[in-house]
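S.K.: So that we are looking at the same thing, I have put the structure below in structure tokens.
The values are calculated or read from the model by the stated rules, or taken from the named source; none is laboratory data. If you're wondering where the values come from, they're calculated on a predicted model, not measured in any experiment. A quick note on method: Cβ atoms are made from the backbone with ideal geometry, for glycine too, and the neighbour counts reach across all protein chains shown.
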Amino acid sequence: MTICIAAALTGCSPQKDQKLPSQPSLQPSLTERVRVLAGDVLVIDGQHIRLTGAYGPQGIPDARCWAEALAAKQATVALRKMIVDGRTISFKPTGGQDVFGRTYATVSLNGVDLGQTLYDEGLVAKTKGAFGWCRPLSEASEGAPTVNSVMDAGY
């Protein structure tokens with residue numbers, strides 16, 4: 001009986017040249033590593049990052065008008081899509097933090113400066129206060145309504 005059990009166990013042992021299935025990559029995807037909070041604010045690997053030299057419009061409730069709130073939403077959605085479509089991301093702190101304790105950094109997505117890309121797409125301004133998100137599209141437009149907050153839109 002001992003011989004039968006030994007013979008049965010020998011047949012169950014793996015062959016030396018038999019390969020085990022390869023392990024899947026344990027690297028987290030970009031969307032697992034990066035969370036977009038606003039058009040100019042991200043959390044990358046747990047670190048709150050504010051883009052250096054890229055100032056996005058404010059969303060609700062901080063928007064000064066409905067146009068700024070809409071522009072903020074568009075910037076955030078566009079940045080999320082860029083992250084989903086991205087392959088690699090890195091950041092280099094440039095020194096200092098904003099009033100919320102977020103580190104100012106230059107962020108590269110697929111090797112390209114993310115702040116510059118957002119600026120080129122018209123989604124952020126280069127310097128704080130440089131773009132009047134709430135100004136009428138044409139200062140020469142007669143009869144353009146004055147909108148000072150999202151509540152003025154009449155919705």
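Condition check ((1) under 10 Å from the mean Cα position of the chain (by Cα); (2) charged (D, E, K, R); (3) farther than 30 Å from Arg135 by Cα) across all residues:
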position: Val41; (1), (2), (3): yes, no, no
position: Thr52; (1), (2), (3): no, no, no
position: Pro61; (1), (2), (3): no, no, no
position: Gln74; (1), (2), (3): no, no, no
position: Lys81; (1), (2), (3): yes, yes, no
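S.K.: Looking at Thr117, is it surrounded by 12 or more Cβ atoms within 10 Å (Cβ to Cβ), at negative phi, in a strand (DSSP E or B) and at pLDDT 90 or above?
M.R.: no
S.K.: Kindly evaluate Gly111 against the criterion of being at pLDDT 90 or above, exposed (fewer than 10 other Cβ atoms within 10 Å of the Cβ) and within 17 Å of the chain's Cα centre (by Cα).
M.R.: yes
S.K.: To continue, here is another question. Out of the residues in region 132-150 that are at pLDDT 65 or above and surrounded by 17 or more Cβ atoms within 10 Å (Cβ to Cβ), state the one that is nearest to Pro57 (Cα to Cα).
M.R.: Trp133
S.K.: Hey, another quick one. Can you pull out every residue in region 52-96 that is among the charged types (D, E, K, R) and over 21 Å from Arg33 (Cβ atoms)?
M.R.: Result: Asp62, Arg64, Glu68, Lys73.
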